[in-house]
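This report refers to the structure that appears directly beneath it.
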Amino acid sequence: MKEYFANIIVDLSTDALNKSFVYKIPDDLISDLKPGDKVIFPFGKGNKESEGFVLEILSLEQLKEKNFYKNDKYFKDSNAIDKLKYILRIANNKIAANEILLKMAIFLCKEYYCPIQICLNTVLPVKKIVRKNSRQIDAISKYKVNDSLKLQRDEIELNEEQKSIVNDIISIQNDKLFNEHLIYGVTGSGKTEVYIKIIEENLKNNKQVIVLIPEIALTHQTVIRLKEKFSENIAIIHSRMSEGDKYIQYKKCESGETKILVGPRSAIFAPFENLGLVVIDEVNDSSYKSENAPRYNTLDVARFRCKEQNATLISLSATPNIDLYYNANNKDNIIHFHKLSKRANSILPLVTLVDMKNEIKNGNYSIFSRLLVDKINDRLSKKEQIMLYMNRRGYNTIFTCKECGETYKCPHCDVALVSHNDGKLRCHYCGYEINEPMLCPNCKSDDIEKYGIGTEKLEELCIELFPNARILRMDRDTTKEKDGHDKIIEKFANHEADILIGTQMIVKGHDFPLVTLVAVMRADLTLYNESYKSSENSFSMLTQCVGRSGRKIEGESIIQGYDIDNFVMQMIVKQDYEEFYENEIKYRKKLNYPPFSNLLIINVSSENESYLNKICNDLKLFLNTKNDTNASILGPTKANPERIKDIYYRKIILKCSKIDEAKKYRNLSYKFVNLVDKNKLIKITFDIE
């Protein structure tokens, strides 16, 4: 019988194993085994049973043609083939990766310089088979569609701008080649209605669709909208679901039972083999960038996948990333640009800036300006709804001794502990917690001061000021339990609460018809940080906040801060992204930031701070010797925060004129650190912008 061989990646993430190994396939497995399967095989000196992924299946002739066969010293032995070990069995309790997911794993490995084992596990948001039991209910069934609401949706007529965009995209998509689109439109302009219509056309052609959302909190509203139109032909996957629920949803996609998958960035790895459309809602959101290896940008991964499967890619935003907007308007129509210039069913809300310094001068030391209190009372009297945005959770954000100035910091992270209403001080990075001390641990004084306001404290103040109002709070603390996001959103959507308080998860993409007042409690908190994107990020977040108001009834927004003369704040009043973009792009060009350069950000970390500093300094010296393209090399600098979970972080940044240069310096940096770091005390990752 003809012999076949499997090229296998061992599922252990070490540099020494970041390569493939060849095994024989037993005769009884040849008909069942396929690329992407997880298999069990003997590995190492002790022939310990190990797990790995099958990358490819090869005949003897194909094996001999492979470079690894020609170059590997092992195969110099004429009896090498006979010495190869056999695969023991297929791991039938594990999920396999199909052909497109394998390609995506290899793409992640090469593009983000990450071990292939990690990349293979990344493309499988569900790792193992979970046996269904009688208690498991399809997660999509809990999303109940209101019949009268459905009737209203069916009657919605697209305006001329919306119709034009739909027709343009469908006509381009009919060419059956990869095509990319950016839909820019003010908040409430009906971007969702546009992509729902395009989804409908794809389903008519038996195509599958991925809809990406930036926040788990948006799942409820997005699924309800899609169910109104497409009934039960939908699946969802996100990290807060149980393994059993995720498995059921994954198998619905894999089997073709469902045609639409909704979820955050990991949903881009849906096992769809007939993909026609990927939609990235709120494409500007930072959550689409993975913070863990591989540190992928979802938009780039979506582009790769859509090119491989000849699918259409649509990004939507009221505040597109500066570089995406620039490329859509300056790159020979590689990205098709579409614009929705006005709200579909209302007008943009009135925005008022409130200078909190003046409030203090006039004797008001509350976080609520006098104007905001009046506006909230007015909305409550009219039975309308209010949203209050505060991008800090907890009760008090600073806990310090007035006698000696001691601030209570996490012993494992370079951040202050945050006071919570249950009498605990917690670290929001590592979860470390202690009881609130009665005495200062440094000087034993009992003169301890708590200040700075988080969402918990804001909720308490609201209850005091508006005792008759029904209040909900939505942050990481109130959404820990299963379906926590959905329960809060559903209550507010059903007008079971008058005021919704929360962090950024409440302001992204939600559409509540009765919300006519949105307030940002401390708008200037995000204006100044180390990133060149600080203005862009602040403008985007504040625009999203403002955009939640007046989507059906005329509304307004109040922006409170201590630096209301800032350019970003002034642009929020105008709600003019294009004017903001024109100013921001001039700044980027002057300082040679993307899109006019390519940034390589080298992230280096270690538990040993002095050793980390030495390696970073040595790396910079090395890069200077290799700098033949006049790249600017900045750093090393401390990250912010510089220590998390007892690990120290540093950054080196290179400004390169071309993407290939950035990749060259990335490869050199990786090889240098792995060469000099003999004891493997250093971790290095990369971001390219």
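Nothing in this text is a laboratory measurement; each read-out follows from the coordinates by a stated rule. Predicted, not measured: the structure shown is a model, and the values here were computed from it. So basically every Cβ, Gly included, is an ideal-geometry build from the backbone, and we count neighbours across all protein chains shown.
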Open item on the list: Skipping prolines and chain starts, which residues have an amide H placed within reach, meaning under 5 Å, of the one on Gly190, given they are 5 or more residues away or on another chain?
Closed with: Ala344
Task: Charge tally in the Cβ shell below 15 Å around Ser239, where Lys, Arg are +1 and Asp, Glu are -1, Ser239 excluded - done: 0
TODO: Excluding Glu449 itself, calculate the net charge of residues whose Cβ lies under 13 Å from the Cβ of Glu449, where each Lys or Arg counts +1 and each Asp or Glu counts -1.
DONE: -3
Task: Per-residue [θ]222 nm for the chain (sum of -39500 (n - 2.57) over DSSP H runs n ≥ 4, rounded to 500) - done: -10000 deg cm²/dmol
TODO: For Glu642, enumerate residues with amide H under 5 Å from its amide H, sequence gap 5+ or separate chain, H modeled in the peptide plane.
DONE: Asp414
Task: chymotrypsin sites (Phe, Trp or Tyr not before Pro) restricted to DSSP loop in region 347-452 with at most 14 other C-beta within 10 Å - done: Tyr365
Task: Furthest towards positive pole of dipole, Val676, Gly635, Leu612, structure part region 561-689, Cβ charges - done: Val676
TODO: Give me the number: length gained by fully extending Val373 to Asn47, i.e. 0.36 nm times residue separation minus the C-alpha to C-alpha distance, one decimal in nm.
DONE: 110.2 nm
- [ ] Compute the FRET efficiency between Asn167 and Tyr562 as 1/(1 + (r/R0)^6), taking r as their Cβ-Cβ distance and R0 = 56 Å, and round to the nearest 0.05.
- [x] 0.70
Open item on the list: For the chain, compute Rg over Rh where Rg is the Cα radius of gyration and Rh is the Kirkwood radius from the inverse mean 1/r over Cα pairs.
Closed with: 0.98
Open item on the list: Can you compute the FRET efficiency between Leu668 and Glu579 using 1/(1 + (r/R0)^6), with r the Cβ-Cβ distance and R0 = 41 Å? Round to the nearest 0.05.
Closed with: 0.50
TODO: Determine the gain in length on full extension of the stretch Glu464-Lys482; use 0.36 nm per residue of separation and subtract their C-alpha separation, reporting nm with one decimal.
DONE: 3.5 nm
Task: Two-site FRET efficiency, Lys204 against Ser346, from Cβ-Cβ distance with R₀ of 25 Å, rounded to 0.05 - done: 0.20
Task: Above-threshold pairs, the threshold being 30 Å between Cα atoms, out of Lys590/Lys671; Lys110/Lys487; Lys191/Lys289; Lys45/Lys252; Lys383/Lys574; Lys83/Lys678 - done: Lys590/Lys671; Lys110/Lys487; Lys45/Lys252; Lys83/Lys678
Open item on the list: Please give me, ordered by residue number, the GluC sites (Glu not before Pro) of region 480-512 that lie in loop per DSSP and have at most 11 other Cβ atoms within 10 Å.
Closed with: Glu481, Glu496
Task: Filtered trypsin sites (Lys or Arg not before Pro), region 267-368: DSSP coil and at most 11 other beta carbons within 10 Å - done: Lys331
Task: Computed lengthening from Tyr432 to Asn494, 0.36 nm per intervening residue step minus Cα-Cα distance - done: 18.7 nm
